[in-house]
Amino acid sequence: MAHLQQRRSQNVSGEFYVDSTCIDCDTCRWMVPEVFHSAGGQSAVYHQPTSEIERLRSLQALLACPTASIGTVEKPKDIKEAQQSLPILVAENVYHCGYHAEDSYGAASYFIQRPEGNVLVDSPRFTPPLVKRIEEMGGIRYLYLTHRDDVADHQKYAEHFKCDRILHSDEINSGTRDVEIQLSGSEPFELAPDLLIIPVPGHTKGHTVLLYNNKFLFTGDHLAWSDELNQLIAFRRACWYSWTELTKSMHKLVNYSFEWVLPGHGRRYHADAKTMNQQLQQCINWMKSTK
Ligand code: SF4
């Protein structure tokens, strides 16, 4: 729960506010850019919601915030409606889970609803309203983990949904040693005809990305859109293994066709496959010029 006595002075007056526990993960800002912005190294409300849909989306951000740093002056009577609205549809049968986990520094996780079995991409917080919604949506067949940083409550999800977790063996540590499917090597792994896991070492040694239906690329911390640079980027200052390897891994993705980049951190990006490929090339050129 956010605390009124910790309300940041940068918020405009009114119902919604951000308190001083904000870890500046950016989630609320990309979820509801018309309400939240960056001010003084943390988020703040600069425009109070003025319509029902803005209020609903602000409550979704409140629920998604990994540190419960977003509050309302009055206890929201419509919070159940907001809980019911998560996960949020991105496109087709792909959803953004919300309920980001502080353990993964607020990384986004996604849910693919498919007849052959649903896939949870990276771990959100294990929280009853989301667990109930996922049950209603058919449970989880696979919990795919892009890399070691975004595993959060994987154990609880695995125990509750009896799903198989997937993680590259180079990412395994004491907290993930029981992961059911441990990938190895650098070749792509076809989990199903519509699910291809592509190793992309760089951010970490065993980082992988998931390509679903040749359309949706779940990129973890490998690739994201930057509003600031107005292009696709990799995270130079958060590269824990090798920038050279990361650049090589980015080259690999040029051979695949996709229309969505859905990252853990950073902004998502949607374009037709041709434009996406051009953006990827631009990203690679930028990476080569970035020391
Ligand atoms: S979602 Fe929460 S922690 Fe993240 S930037 Fe917004 S207020 Fe801060």
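The values are calculated or read from the model by the stated rules, or taken from the named source; none is laboratory data. Please read all numbers here as calculations on a predicted model, not as lab measurements. Quick reminder, even Gly has a Cβ in these numbers, built from the backbone with ideal geometry, and neighbours come from all protein chains shown. Quick note on the areas: whole protein, heavy atoms, side chains included, nothing else; ligands and nucleic acids left out. Shrake-Rupley method; radii C 1.70, N 1.55, O 1.52, S 1.80 Å.
For beta carbons closer than 7 Å, sequence separation of 6+ or different chains, a first residue in the stretch 131-142 that is in a loop (DSSP other than H, G, I, E, B) and a second that is among the aliphatic types (A, V, I, L, M), the qualifying pairs are Ile140/Leu120; Ile140/Ile134; Arg141/Val119. Which one is nearest to the ligand (Cβ to nearest atom) among residues in the stretch 12-63 that are on the phi < 0 side of the Ramachandran plot and among the charged types (D, E, K, R)? Per the criteria, the residue is Arg29. The single residue among Gly206, Gly175, Gly220, Gly185 that is without any contact (Cβ under 8 Å) to a residue 60 or more places away in the chain, crowded, with 21+ Cβ neighbours inside 10 Å and not hydrophobic (A, V, I, L, M, F, W, C) turns out to be Gly206. Might you check whether a residue that is closer than 22 Å to Thr176 by Cβ, modelled with pLDDT of 95 or more and assigned to a strand (DSSP E or B) occurs anywhere in the stretch 219-236? Within the stretch 219-236, one or more residues are closer than 22 Å to Thr176 by Cβ, modelled with pLDDT of 95 or more and assigned to a strand (DSSP E or B). Scan the stretch 152-171 and give yes if some residue there is open to solvent by 10 Å² or more (accessible area, probe 1.4 Å), over 20 Å from the mean Cα position of the chain (by Cα) and of a type in the set (A, V, I, L, M, F, W, C), otherwise no. Yes, some residue in the stretch 152-171 is open to solvent by 10 Å² or more (accessible area, probe 1.4 Å), over 20 Å from the mean Cα position of the chain (by Cα) and of a type in the set (A, V, I, L, M, F, W, C). Annotation note: Cβ proximity below 9 Å between a residue of the stretch 269-291 that is among the aromatic types (Phe, Trp, Tyr) and a residue that is open to solvent by less than 80 Å² (accessible area, probe 1.4 Å) and assigned to a helix (DSSP H, G or I) (sequence gap 6+ or interchain) occurs for Tyr269/Met276; Tyr269/Gln279.
Which members of the stretch 171-202 meet the condition of being within 26 Å of Thr247 (Cβ to Cβ), in contact with a Leu (Cβ under 6 Å, 6 or more places away or on another chain) and part of a loop (DSSP other than H, G, I, E, B)? Those that are within 26 Å of Thr247 (Cβ to Cβ), in contact with a Leu (Cβ under 6 Å, 6 or more places away or on another chain) and part of a loop (DSSP other than H, G, I, E, B): Pro188, Gly202.
In the set Leu229, Leu262, Leu246, only one residue is within 22 Å of Ala108 (Cα to Cα), out of contact with any Lys or Arg (no Cβ under 7 Å at 6 or more places or on another chain) and open to solvent by less than 60 Å² (accessible area, probe 1.4 Å); that residue is Leu246.
Filter the stretch 21-43 down to residues that are touching a helix residue (DSSP H, G or I) at 6+ places or on another chain (Cβ under 9 Å), polar (S, T, N, Q) and open to solvent by less than 60 Å² (accessible area, probe 1.4 Å) and give me whichever is farthest from Arg57 (Cα to Cα). Per the stated criteria, the residue is Thr21.
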